[in-house]
Amino acid sequence: MILKEEIMGRTLAEKVWEQHVVRRAEGEPDLLYIDLHLIHEVTSPQAFDGLRLAGRKVRRPDLTIATEDHNVPTLLGPISDPVSKTQVETLRKNAAEFGIRLHPMGDAGQGVVHIIGPQFGLTQPGMTIVCGDSHTSTHGAFGGIAFGIGTSEVEHVLATQTLPAYRPKTMAIEVSGELPAGVTAKDLILAIIAEIGTGGGQGYIVEYRGEAVRKLSMEGRMTVCNMSIEAGARAGMIAPDETTFAYLKGRPHAPEGEAWDQAVEYWTSLRTDDDAVFDKVVHIDASTLTPYVTWGTNPGQGLPLGESVPDPESFADPVARSAAERALEYMGLRAGTPLREIEVDTVFVGSCTNGRIEDLRSAAEILRGRQVTTRTLIVPGSMMVKRQAEEEGLHEVFKAAGAEWREAGCSMCLGMNPDTLKPGERSASTSNRNFEGRQGKGGRTHLVSPQVAAATAVTGRLTAPADL
Amino acid sequence: MEAFTTHTGTAVPLRRSNVDTDQIIPAVWLKQVSRTGFEKGLFAAWREDPTFVLNDPSYEGASILVSGPDFGTGSSREHAVWALQQYGFRVVIAARFGDIFRNNSTKMGLLPVVLPAERVEALQAAVEADPKLEVTVDLGERQVRWAGEVVAFEIDDYTRWRLTEGLDDIGLTLRHADDVAAYENGRQPWLPTTV
Ligand code: SF4
């Protein structure tokens, strides 16, 4: 029996969590049911090996889907790196052996794992979703609990469709006001991370709330939730609403007919109760934000584009100070340099953060009728995004501007495929991590929105669209 | 999983914060499909610098890594844990860890120990003064001990039990297969399948 007090005053995260508890015992983590398990080639081979060694099967291949994304070249043709090739072939072999649906390179459904789930309508409100990938937090944009796991846990989910886990604490990030024109979901999340720090979300599920969040499109919400992990939170979520339902309606795996109505009725109940209490609340005023860029080597080292590279001496905390010193050295930057004067060699638009159709549209809008002055890679997050962009003629805009229009994949988000920076090269990138060497050994990354990336491609320096 | 009860060894101080998993094991190393050989990729970029602490012969054979805060942030790659273990580490001590890294560690039997920042500093300083300093990490007592210092750390009972017994999580969960089946019967009918 459920007591009335227990029904009242719950956060969205608590509601979704409780709905998935298979077993609860004193002094043990909850055993949580997993509604959808996404798989890619990098973090799964050792998990499948483990299953084979123990003679175990995949419990629910029908709740599992795989894609090839990290290793794939974004120029047409086979994988030339033999090690990458083996990894991709291993996934194909495993998917066939264990009966798992796979979208291989070249397939119309292939793409970055966090882009294809929502596109197929597999990502729905109230679900639990995991993947051996930290940016699984993306899927929380639909109002589910979605988080990244390691390979041991991948094996656990394959074998049992469950995970033992302690419920994280809950944090509300209340974003009041409206984002000014030219300020995007990416700028919002970069500002949030700069505010709370890369460890600020550790141990929490974050719920993004408030007027500015409600006004975001699904694409924008996914961008925000995607980078929850960069704030240290394993999961970020946004309560489902009409925007969510409109996005889902008619997608291949969305419910239909009566089931749709039932689902919407339930989904509508997935919101934090007015009297619910969060463990922590953070307030951000969206109306004061401007385009953000990172200057350092962790995603918390970001500033408004109008500012200058900070002086490490200006950090009171000795840990932050030495991190800043090291970051400036690695990034080859001098304190006091206006961020707008930083010149880049490469611009990358893509990744699970900003590789969706809306991102490409906004980059195209800026590049229309202009010329890029630096190497510019436009990489759709999935083959479906690619097709849609081509139907809209965006690829013609990019090509006319002198940018490269590529096949779908993780591309320059990480140095695992042929798209990399060379040592010392500098990028403006719409991806999510500016870690040392993330885009290739010795590469230097500035995280930006698609709009800033496109404007930067035109001038060769970090630039906001309004500066053009 | 390797069982962990108590461990005594020497330590190496890593005076950096935000040691993300891309630093612990760069992406090019993730292409392997086996579970072995990752020690060569541990801190691969940093180890090219001869002054990097792991290249300092006085810390050779260290099995306890004492790092600045926010160790293991970023990517979910469990390869980071494998690399640390295969290099010879049994324990990582830091003031804060990335959530996924900490989880992955406890699945593999690499013990992540959270100590207050100033105790981590004190231990780093002690090890720098005497690289051969013996450090004991006692999971049963939940203590880190060195040179007369005794510092307590927290870890939940369940995780401690699993680690000390070296238990396989999947085996534990499969004992509850009936609960899982019962839950599956009650799932909402509209939930999607991938078929
Ligand atoms: S696009 Fe980047 S962050 Fe996203 S899944 Fe691929 S590598 Fe990871």
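The values are calculated or read from the model by the stated rules, or taken from the named source; none is laboratory data. Small disclaimer: the values here were computed from a predicted structure and weren't measured. Backbone-built Cβ (ideal geometry, glycine too); neighbour counts: all protein chains shown.
With the condition kept exactly as written, say whether any residue in segment A:108-119 is within 22 Å of the chain's Cα centre (by Cα), surrounded by fewer than 16 Cβ atoms within 10 Å (Cβ to Cβ) and within 30 Å of A:TRP260 (Cβ to Cβ). Yes, segment A:108-119 has at least one match. Restricting segment A:55-90 to residues that are within 16 Å of the ligand (Cβ to nearest atom) and in contact with a strand residue (DSSP E or B) (Cβ under 6 Å, 6 or more places away or on another chain), the residue that is farthest from A:GLY409 (Cα to Cα) is A:ILE65.
Annotation: of all residues in segment A:350-370 being of a type in the set (S, T, N, Q) and under 18 Å from A:GLY409 (Cα atoms), the one that is farthest from the ligand (Cβ to nearest atom) is A:ASN354.
Here A:GLN110 passes the criteria (1) more than 14 Å from the ligand (Cβ to nearest atom); (2) more than 12 Å from every other protein chain (Cβ to nearest Cβ); (3) not aliphatic (A, V, I, L, M) except the one numbered (1). Assess whether A:LEU102 counts as being closer than 28 Å to A:GLY27 by Cβ, in contact with an Asp or Glu (Cβ under 8 Å, 6 or more places away or on another chain) and in a strand (DSSP E or B). No, not satisfied. Number of residues in segment A:419-468 that are small (Gly, Ala, Ser), within 14 Å of chain B (Cβ to nearest Cβ) and away from the ligand (no atom under 16 Å from the Cβ): the value is 2.
Screening segment B:107-147 for strands (runs of 3 or more DSSP E) wholly inside it with 2 or more residues that are farther than 30 Å from B:GLY171 by Cα returns the ranges B:135-138, B:143-146.
Selection of first residues in segment B:72-92 that are away from chain A (no Cβ under 14 Å) and of second residues that are among the charged types (D, E, K, R) and in a helix (DSSP H, G or I), restricted to Cβ pairs under 8 Å at least 6 apart or on distinct chains, gives the following pairs, ordered by first then second residue: B:TYR87/B:GLU39; B:GLY88/B:GLU39. Filtered by the rule that a residue be out of contact with any helix residue (DSSP H, G or I) (no Cβ under 6 Å at 6 or more places or on another chain) and within 10 Å of the ligand (Cβ to nearest atom), segment A:134-143 gives a lone residue, A:THR136.
Just give me the residues in segment A:38-54 being of a type in the set (S, T, N, Q) and in a loop (DSSP other than H, G, I, E, B), in sequence order. Within segment A:38-54, A:THR43, A:SER44 qualify.
Kindly provide the set of residues from segment A:51-70 that are modelled with pLDDT under 95 and at the interface with chain B (Cβ under 10 Å from one of its Cβ atoms), ordered by number. Within segment A:51-70, A:ALA54 is the sole residue that qualifies. Once segment A:308-324 is narrowed to residues that are more than 10 Å from chain B (Cβ to nearest Cβ) and exposed (fewer than 15 other Cβ atoms within 10 Å of the Cβ), the residue that is farthest from A:GLY442 (Cα to Cα) is A:ALA316. Being surrounded by 18 or more Cβ atoms within 10 Å (Cβ to Cβ), basic (Lys, Arg) and in contact with a helix residue (DSSP H, G or I) (Cβ under 7 Å, 6 or more places away or on another chain) holds for only one residue in A:ARG426, A:ARG438, and it is A:ARG438. Being within 16 Å of the ligand (Cβ to nearest atom), of a type in the set (Asp, Glu) and in contact with a helix residue (DSSP H, G or I) (Cβ under 9 Å, 6 or more places away or on another chain) is a condition met by at least one residue of segment A:126-133.
Per the conditions (1) more than 29 Å from A:GLU407 (Cα to Cα); (2) touching a helix residue (DSSP H, G or I) at 6+ places or on another chain (Cβ under 7 Å); (3) in a loop (DSSP other than H, G, I, E, B), the sole criterion not satisfied by A:PRO299 is (1). Of all residues in segment A:302-349, none satisfies the criterion of being assigned to a helix (DSSP H, G or I) and within 16 Å of the ligand (Cβ to nearest atom). With the condition kept exactly as written, say whether any residue in segment A:23-33 is in a helix (DSSP H, G or I), touching a residue at least 12 places away in the same chain (Cβ under 8 Å), facing another protein chain (nearest Cβ under 7 Å) and within 17 Å of A:ALA146 (Cα to Cα). No, segment A:23-33 contains no residue that is in a helix (DSSP H, G or I), touching a residue at least 12 places away in the same chain (Cβ under 8 Å), facing another protein chain (nearest Cβ under 7 Å) and within 17 Å of A:ALA146 (Cα to Cα).
Here A:GLY148, A:GLY117 are screened, and the one residue that is under 30 Å from A:VAL213 (Cβ atoms) and more than 9 Å from chain B (Cβ to nearest Cβ) is A:GLY117.
Only one entry in A:ALA401, A:ALA408 is touching a Gly at 6+ places or on another chain (Cβ under 9 Å), free of Cβ contacts under 8 Å to residues at least 60 places away in the same chain and either at negative phi or more than 16 Å from the ligand (Cβ to nearest atom) (or both), namely A:ALA401. The residue pairs whose first member lies in segment A:318-345 and is on the phi > 0 side of the Ramachandran plot and touching a residue at least 12 places away in the same chain (Cβ under 8 Å), whose second member is surrounded by fewer than 21 Cβ atoms within 10 Å (Cβ to Cβ) and part of a loop (DSSP other than H, G, I, E, B), and whose beta carbons are closer than 7 Å, counting only pairs six or more residues apart or on different chains, are A:GLY336/A:ASP311. Looking across segment B:146-178, just one residue is farther than 29 Å from A:LEU102 by Cα, out of contact with any Gly (no Cβ under 7 Å at 6 or more places or on another chain) and at the interface with chain A (Cβ under 7 Å from one of its Cβ atoms), and that is B:HIS176.
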